[in-house]
1. Taking the Cβ of Leu100 as the centre, find all other residues whose Cβ is under 12 Å away and add up their charges (Lys, Arg: +1; Asp, Glu: -1).
2. Calculate, axis by axis, the spread of Cα positions in segment 166-280 along the three principal axes, and write the results as whole Å, longest axis first.
3. Just to be sure I understand the curve: with the Debye formula and one point per C-alpha of segment 132-197, what is log10 I(q)/I(0) at q = 0.15, 0.22, 0.25 Å⁻¹?
4. Could the peptides 21-31, 212-222 be put in order, highest first, of the mean number of other beta-carbon atoms found within 10 Å of their residues?
5. Highest mean first, how do 265-278, 77-90, 364-377 rank when packing is the count of other Cβ atoms within 10 Å averaged over residues?
6. Once label points are set 7 Å from the Cα along Cα→Cβ at both Val121 and Ala299, what is their separation, rounded to one decimal in nm?
7. So, by mean Cβ neighbours within 10 angstrom, what's the order for 307-316, 323-332 with the highest one leading?
8. On full extension of the chain, what length is gained from Thr353 through Ala333, given 0.36 nm per residue of separation minus the C-alpha to C-alpha distance?
Amino acid sequence: MFEAFQNIAKIPELKKRVLFSLSMLAVYRIGCHVPTPGIDTAALAHFFKQAQGTLLGMFDMFSGGALQKLTVFALGIMPYISSSIIFQLLQVVVPSIEKLSKEGESGRKKIIQYTRYGTIVLSVVQALGISIGLESMRGPAGEMVVPSPGWGFRIMTVITLTAGTAFIMWLGEQMSEKGLGNGISLIIFAGIVARIPSAIANSYRLMSTGQLSLFTLIFIFVLMYAVIWAIVYVERGQRRVPIHYAKRVVGLKTFGAQSSHLPLKVNMAGVIPPIFASSIIMFPATVGNFINIPWVQRASKSLTPGNWVYNVFYVAFIVFFCYFYTAVTFNPADVADNIKKHGGYIPGIRPGTETSEHLDRVLTKLTFAGAIYISAVCVLPSILIGKFNLPFYFGGTALLIAVGVGMDTVSQIESHLITRNYDGFMKGVKIRGRK
């Protein structure tokens with residue numbers, strides 16, 4: 001592995017991309033420590049100590065601790081993800097947006113622009129709800145979290161948090177374009193990983209005071225290791241659909257019959273379903289947590305991690321987005337048409353419509369298996385960790401995102417290294433991008 005890092009430095013383009021991504025992540029982490037004006041941070045920190053293991057604690061995990069300190073990046077990247085979900089859903093139900101999605105690069109840029117506008121609108125709504133909720137919060141001694149409440153504080157908070165989210169959105173897009181991996185996913189990854197040192201320190205403190213047994217701590221780490229192993233194993237899994245190409249004559253050249261395969265991943269949607277599901281559940285529940293109305297408080301409490309209502313909705317959203325995102329990114333009819341155009345066919349299946357139907361059946365079964373796998377990884381460890389009342393929320397969802405994003409990023413680096421005849425990170429291991 002050390003040799004692979006040395007090889008990165010030998011490739012100027014790869015080195016530039018890696019350094020650019022790291023510098024953007026450093027900027028993001030610095031912003032997570034810049035507080036929003038007008039807040040009593042000590043009183044707010046006391047409030048969040050009581051919110052650990054709840055929905056607010058989970059939202060704070062995705063923002064890398066920025067919400068707990070109410071920094072300029074407190075909203076994180078979730079408004080952008082929510083906006084992306086909305087416009088992907090609109091592509092299915094609104095003909096004009098569906099038409100845009102089929103216009104190639106120009107239509108894609110237009111939808112991205114609309115997504116940015118939607119991000120700003122959602123950020124304003126969430127920031128206003130948070131600012132109003134903060135005015136009703138009090139610290140342990142009864143001191144107000146907001147010493148000078150009013151519309152001046154609300155407007156300033158809305159502008160600050162909205163600008164922070166817009167800046168994070170820009171960082172993510174720059175990282176996707178000039179760096180390595182998906183910038184938005186890397187920002188979420190950085191927020192999750194940033195919590196690990198404090199989580200380990202808190203666990204050690206509880207163990208030293210006798211509040212946490214050594215056996216329990218070992219069990220949790222074994223559980224996390226097992227989940228990581230399962231994620232890596234399933235993410236590398238593929239269903240290879242065989243494709244045969246008949247003998248072809250192009251001009252004066254004759255191409256002999258060839259055999260290939262179409263790789264279909266078990267988890268085609270990647271880490272998108274749990275991110276989308278978390279975003280949808282967090283938005284109404286987080287806003288409702290700041291509204292002091294009994295029925296709203298009860299509804300918000302029912303949507304906290306570990307609650308059976310939350311788990312049911314979470315699994316339902318994960319399954320839905322697994323199928324939805326797979327349908328958006330993989331069109332069996334288009335794939336079957338491309339195979340037919342190149343003179344290919346699946347053994348025993350007629351080209352055209354029957355090939356499309358066969359791919360759709362295979363993909364439906366794979367997506368179901370992938371949805372069950374993601375739901376189990378995201379929900380079961382979280383339930384077990386909740387039973388032990390650990391001082392951090394680093395359950396299956398966080399592990400799935402962290403491991404998935406890490407694998408994708410390493411795979412991209414591996415591809416750059418192998419393309420230029422350098423050894424990668426994992427010699428003798430078959431991963432995506434290595435032949």
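1. Details: positive: Lys99, Lys102, Arg108, Lys109, Lys110; negative: Glu98, Glu103, Glu105.
Result for the neighbourhood of Leu100: +2.
2. 81, 40, 26
3. Results for segment 132-197 at q = 0.15, 0.22, 0.25 Å⁻¹ read -0.71, -0.89, -0.96.
4. Details: 21-31: 16.8, 212-222: 13.1.
Top of the packing list down: 21-31, 212-222.
5. Details: 265-278: 23.4, 77-90: 21.1, 364-377: 19.4.
Highest-to-lowest ranking by the protection proxy: 265-278, 77-90, 364-377.
6. Reported label-point gap for Val121 and Ala299 is 2.0 nm.
7. On the way: 307-316: 15.5, 323-332: 17.3.
With the highest mean Cβ count within 10 Å placed first, the list reads 323-332, 307-316.
8. Values: separation 20, 0.36 × 20 = 7.20 nm, distance 0.74 nm.
Computed gain between Thr353 and Ala333 is 6.5 nm.
Just so you know, all these numbers are worked out from the coordinates, no wet-lab data involved. Because the structure is a prediction, the values reported are computed rather than measured. With ideal geometry, Cβ positions are generated from the backbone for all residues, glycine too; neighbour counts draw on all protein chains shown.
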